[in-house]
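Below is one structure, written out as structure tokens, with a few remarks after it.
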Amino acid sequence: MMKIFLNALGASCASGVTYLRNVIPQLSTRPGLHTIVAVNPQLRPELENPRSVSFLEMNIPSSPARRFCFEQTVLPKLIWQSGADVLVSTGNIALRWPPVPQILLSGNSLYTSPDFSRDLRQRKDCRLWLDNRIKGFCARKSIELADATVAPSQTFAQELQRLTGKRILCIYHGFDRKVFFGDSTPLPADVREKLDSAQGGLRLLFVSHYNYYRNFETLLRAVPILRKHLAGRNVRLFLTCKLSTAENPGAYRAESAAALVKQLGIEEEVVELGAIPYSQLHHVYRACDIYVSPAYAETFAHPLVEAMASGLPVVASDLQVHREVCGGAALYFRRFSPDELSSQVVHIATSTGLRQELQERGVARSHDFSWADHVDELLRLAAQLAQDHAPYFTEARLTA
């Protein structure tokens, strides 16, 4: 039997949780495989308890520096004791002295994004800028330490390869229809009421908690332009967050975005749904007309695939990774241009033929992403590393 140790202690944001929620059930179905998952206790209730998977709940320090020291000193012993054959490290940070071969999952484009650094400087957020620089340095060093590094898109893999000079593998993240569409539990009444109140108008959707790199401000500035171009038709932008710092994860301050809503006079058009459970997101997608993503930094963008699978045409910023994921199933705009964003939305809203064409392309494109395929490729890589390093690690165990 092969054993995989999955270090998921760094998984806290939406993309990390989405990854675990989809990958863990897939790992449980593979014969001859046992997976040990190190996870934060706060996250554990959101994950299933499938067979052939055991969870190691660990309280970790809140300070990034202390967490780093904790993982580097405590985890190697636990991995050794577990008898694991391969370590898979999420959260972009690798162990310095792992007792087994290590696969690093690298999925944070903020460490390499000039736009993010520029944004932080303009906001005068020195603390977050310094934090990002330090984490970026650690992430690059982690790539040097890992036996293999995996990125979720070819675009990001090439970016990391240029940055580090090391070969980076691309294994696409996936999409599981049974997981995503499987829960028929209805939305809370207040959320359903907000969605239903916009029937007959143009309903736009953006799925994200508030942060800087998702570029909310460009999207908000596009709303009054849309209102002007679509005079006589109500426009509603639904956000799966609240524009309040206290109601969003991370250190991003949302008050400037909330102030912008008031400044632009779009309080009626911008509807803050708040966080929606992953199992119920499909109801929200299917209640809307167009999905918009103004992000200026991404490594994969799961909501784009979710939107395409839900039959929504997509308008996305001109990131290469967006083009890689959506292909011809989306219209694109310059990432900081609210005029171009609104123009593309109007193009879809006023053309039934284009809307239907993008819907059909999107549904077809979404079938190209599979969590089963992702796990298969990851396990093939793990098996190869275990085989290549077997003599070294076998001798180490015998002499320990």
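Which of the residues belonging to the stretch 1-18 are in a loop (DSSP other than H, G, I, E, B) and of a type in the set (S, T, N, Q)?
Across the stretch 1-18, the qualifying residue is only SER12.
What are the residues in the stretch 47-61 that are out of contact with any His (no Cβ under 7 Å at 6 or more places or on another chain), among the polar types (S, T, N, Q) and modelled with pLDDT of 85 or more, if any?
SER54
When residues of the stretch 53-66 are filtered for being without any contact (Cβ under 8 Å) to a residue 12 or more places away in the chain and among the polar types (S, T, N, Q), how many remain?
2
What do you reckon, is ASP131 of a type in the set (D, E, K, R), in contact with a helix residue (DSSP H, G or I) (Cβ under 9 Å, 6 or more places away or on another chain) and buried (at least 21 other Cβ atoms within 10 Å of the Cβ)?
No; evaluated as a whole, the condition is false for this residue.
Would you point out the residue of the stretch 19-46, among those that are more than 14 Å from VAL375 (Cα to Cα) and part of a helix (DSSP H, G or I), that is modelled with the highest pLDDT?
ARG44
Does THR164 fit the bill of being over 22 Å from the mean Cα position of the chain (by Cα) and in the same structural domain as PHE300 (by TED's automatic domain parsing)?
No, not satisfied.
So which strands (runs of 3 or more DSSP E) stay within the stretch 94-210 end to end and still have 3 or more residues that are over 21 Å from LEU6 (Cβ atoms)?
Answer list for the stretch 94-210: 202-206.
Which one of the conditions (1) surrounded by fewer than 21 Cβ atoms within 10 Å (Cβ to Cβ); (2) under 18 Å from ASP147 (Cβ atoms); (3) out of contact with any His (no Cβ under 8 Å at 6 or more places or on another chain); (4) charged (D, E, K, R) does LYS3 fail to meet, given that it meets all the rest?
(3)
Let's see how each residue does on (1) over 14 Å from LEU145 (Cα atoms); (2) touching a strand residue (DSSP E or B) at 6+ places or on another chain (Cβ under 8 Å); (3) part of a loop (DSSP other than H, G, I, E, B):
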position: ASN49; (1), (2), (3): yes, yes, yes
position: SER54; (1), (2), (3): yes, yes, no
position: SER62; (1), (2), (3): yes, no, yes
position: ARG66; (1), (2), (3): yes, no, no
position: GLN72; (1), (2), (3): no, no, no
position: LEU78; (1), (2), (3): yes, yes, no
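Applying the selection to the stretch 242-286, what residues are in a loop (DSSP other than H, G, I, E, B) and within 16 Å of LEU187 (Cβ to Cβ)?
Correct list: LEU273, GLY274, ALA275, ILE276, PRO277.
Consider only pairs whose beta carbons are under 7 Å apart and that are at least six residues apart or on different chains; among these, list those whose first residue lies in the stretch 276-291 and is without any contact (Cβ under 8 Å) to a residue 40 or more places away in the chain and whose second residue is part of a loop (DSSP other than H, G, I, E, B).
The qualifying pairs are ARG286/SER310.
Given the options PRO114, PRO64, name the one that is modelled with pLDDT under 85 and within 30 Å of VAL321 (Cα to Cα).
PRO64
Go through the stretch 67-84 and count every residue that is in contact (Cβ under 8 Å) with a residue 60 or more places away in the chain and farther than 15 Å from THR35 by Cβ.
Final tally of qualifying residues: 4.
Looking at LEU341, LEU304, LEU358, which one is aliphatic (A, V, I, L, M), over 27 Å from ASN22 (Cα atoms) and modelled with pLDDT of 95 or more?
Within the list LEU341, LEU304, LEU358, the selection yields LEU341.
For ILE36, which of the numbered conditions (1) farther than 19 Å from LEU378 by Cβ; (2) touching a helix residue (DSSP H, G or I) at 6+ places or on another chain (Cβ under 8 Å) fails to hold?
Of everything listed in (1) farther than 19 Å from LEU378 by Cβ; (2) touching a helix residue (DSSP H, G or I) at 6+ places or on another chain (Cβ under 8 Å), ILE36 misses just condition (1).
Looking at the stretch 29-45, which of its residues are over 17 Å from SER82 (Cβ atoms) and more than 20 Å from the chain's Cα centre (by Cα)?
THR29, ARG30, PRO31, PRO41
What are the residues in the stretch 377-389 that are among the acidic types (Asp, Glu) and loosely packed, with under 14 Cβ neighbours inside 10 Å, if any?
If the condition is that a residue be among the acidic types (Asp, Glu) and loosely packed, with under 14 Cβ neighbours inside 10 Å, then ASP388 is the only one that fits.
Whether any residue in the stretch 342-350 is in contact with a Ser or Thr (Cβ under 7 Å, 6 or more places away or on another chain), β-branched (Val, Ile, Thr), crowded, with 18+ Cβ neighbours inside 10 Å and not assigned by TED's automatic domain parsing to the domain that holds VAL17 is what I want to check.
Among the residues of the stretch 342-350, not one is in contact with a Ser or Thr (Cβ under 7 Å, 6 or more places away or on another chain), β-branched (Val, Ile, Thr), crowded, with 18+ Cβ neighbours inside 10 Å and not assigned by TED's automatic domain parsing to the domain that holds VAL17, which makes the answer no.
The values are calculated or read from the model by the stated rules, or taken from the named source; none is laboratory data. Every value quoted in this text rests on a predicted model; they were computed, and no experiment measured them. Glycine also receives a Cβ, built like all others from the backbone with ideal geometry; neighbour counts cover every protein chain displayed.
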